[in-house]
Amino acid sequence: MTRRALIVGVSGQDGAYLARLLVDKGYEVHGATRRTSGSPEARLEALGIVDAVRLHYLDLLEITNIRRVLERVAPDEVYNLAAQSFVSASFEQPLVTSDVNAMGALRLLESLREAGARARFYQASTSEMFGNIPIRPQTEETPFHPRSPYGFAKVFAHSATVNYREAYGMHASSGILFNHESPLRGAEFVTRKITTGLARLARGSEEPVALGNLDARRDWGFAGDYVEGMWRMLQQDAPGDYVLATGISTSVRSFVEHAARSFGWSVEWRGSGRDEQGVDARTGRRLVTIDPTFWRPAEVDHLLGNPAKAKAVLGWTPLVDVRGLAEMMAEADLRRLANAAVAA
Ligand code: NAP
Ligand code: GDD
C-alpha cells in the first residue's frame, strides 16, 4: 500500500530534499507550508518535484489549521521541519521563535494525540541545544546548554517529543542534527553567504564578503545525506533520538578557504579582530572583511557530533565531506549567477 507522508515546513531546505527522497521512494507526499507573499515552491521546483507534492496551507501558530490538515491528509508519517530556523534572528524575535519552534511542535504533537493518530512523528531537533557545553564530541546523552532563544525553544520541543513517546506510547523520534547545508541553503546562513559572496566576486563584484566570528566551529554536512537519516528513524520498530553529524568540525575561516579554492583563490589572513581581512594571496584582492554586527549576543563556539548510534542502528553514513560540500555550493552559486546573466 502507498504510504502517505506529511512534511511540515516543505518549502525549506530540508523539506525540499526530504520531499524528493520520499517521492523517489514511492510515497504519496503532502507538503505543508504557511501562507506568505512569496513562492513556497521555489526549492521543490529546483529539485524538479513540484508536481509530485500536494501542498496544504498550515501555520504552526494555528491549532485548528493543524487539526484540519491532519484530518484531511491522514498521514502515516509526519515530519516536523518547520521553524524560525535562523539563530541570529531568534535574539531579535524570541517570542515568535518560541511560539513556532516550541509551542508549534507541541501543537502538532497534541493534535496527533487528540486525534488518536497512529502516524509516526519526526521532530527536527538540533545541535544548537548543546550550545556551549564543554563536552566533545556530543552524543544523544550529552546535556543541553542552549545559548539562544532558538536553542531553548528547540530544547522544549525535543523534551515534548520524548515525553509524548514515554507518556502516550507515540512513535515519536527526534533527530539531533548538526549543521547541514546545500545549494538550497537560505542565503543568510554562513556557508551560503560565503559561497554566494565569493561567486559574486568571481563574476566581477568588488564587494568582499562581510562576516562575523571566523573562529566558530561547526560540524557541517550535506542536507541530502541528512534527510535519509530522518526517514530511517521513522522506519525503526521503536522510536528514539539520534545524532546525525559527520564527526568532523571546521571553522568558518576554513570553510572560506575551502570555498575560495573552488574559484582558484588561496586565502591569506591579514590583521586581527575587526580589522582582519581575507585576501587572495596571489593578487592581494580583498575577499573577506569583518562586520561586528554579525557577532551574536551569546555564541556557540564549537559543535562536533558523534553519529555512532545512527551508524550502528540506522546504518546511516554521511557521504559528502566539508570540502565536497563547499565545492558543490560554490559551483552551484557560480552557475546560478551565470544563468541569471544569460537570462537578463
Ligand atoms: P528552513 O530552510 O529555514 O525551513 C524552515 C521551514 O519552516 C520553512 O518551510 C518555513 O516556511 C517553515 N516555517 C517557519 N515558520 C512556520 C510556521 N509558523 N508555520 C509553518 N511553517 C513554518 O530550515 P531547514 O534548514 O530546512 O531546517 C529544517 C528544520 O531542521 C528546522 O526546524 C531547523 O530548525 C532544523 N534544523 C536545521 C539544521 C540545519 O543545519 N539546516 C540543523 C538542525 C536542525 P517559509 O518558507 O514560509 O519560511
Ligand atoms: N549567519 C552568519 N552570518 N553566521 C556567521 C557569520 C555571518 O556573517 N559570520 C560568522 N558566523 C558564524 C555564526 O556566529 C555561527 O557561529 C556560525 O557562523 C554558523 O552560523 P549559521 O550558519 O547562521 O548557523 P548556526 O550554526 O547558527 O545555525 C544553523 O545550524 C543549527 C544546527 O547547529 C541553523 O541551521 C539552525 O537552524 C540549526 O539548528
Would you mind putting 250-257, 4-11 in packing order, based on average other-beta-carbon counts within 10 Å, highest first? 4-11, 250-257
Global form of segment 74-171, assessed from the alpha-carbon gyration tensor, a/c cut-off 1.5: oblate
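Return the loop-located trypsin sites (Lys or Arg not before Pro) in segment 114-210 (DSSP other than H, G, I, E, B) with at most 16 other Cβ atoms within 10 Å of their own Cβ; answer none if there are none. Walk me through the numbers before you get to the answer.
Numbers: sites: ARG118, ARG120, ARG147, LYS154, ARG165, ARG185, ARG192, LYS193, ARG200, ARG203; in loops: ARG118, ARG147, ARG185, ARG203.
Within segment 114-210, the qualifying trypsin sites (Lys or Arg not before Pro) (loop, at most 16 other Cβ atoms within 10 Å) are ARG118, ARG203.
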Just to confirm a number: summing +1 for Lys and Arg and -1 for Asp and Glu over residues other than GLU141 whose beta-carbon lies under 10 angstrom from that of GLU141, what do you get? -1
Vicinal HN-Hα couplings computed from phi for segment 114-122 (Karplus, 6.51 cos²θ - 1.76 cosθ + 1.60; Hz; Gly/Pro x): 4, 6, x, 5, 9, 4, 7, 10, 10
Under 26 Å from the Cα of LYS154 - lysines, other chains or at least 8 residues apart: LYS193, LYS309, LYS311
Based on other C-beta atoms within 10 Å, arrange THR33, THR64, THR195 from fewest to most. THR64, THR33, THR195
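Values quoted throughout were computed directly from the atomic coordinates according to the rules given, and no laboratory measurement underlies them. The structure displayed is predicted, hence computed values, not measured ones. Positions of Cβ are backbone-derived with ideal geometry, glycine not excepted, and every protein chain shown enters the neighbour counts.
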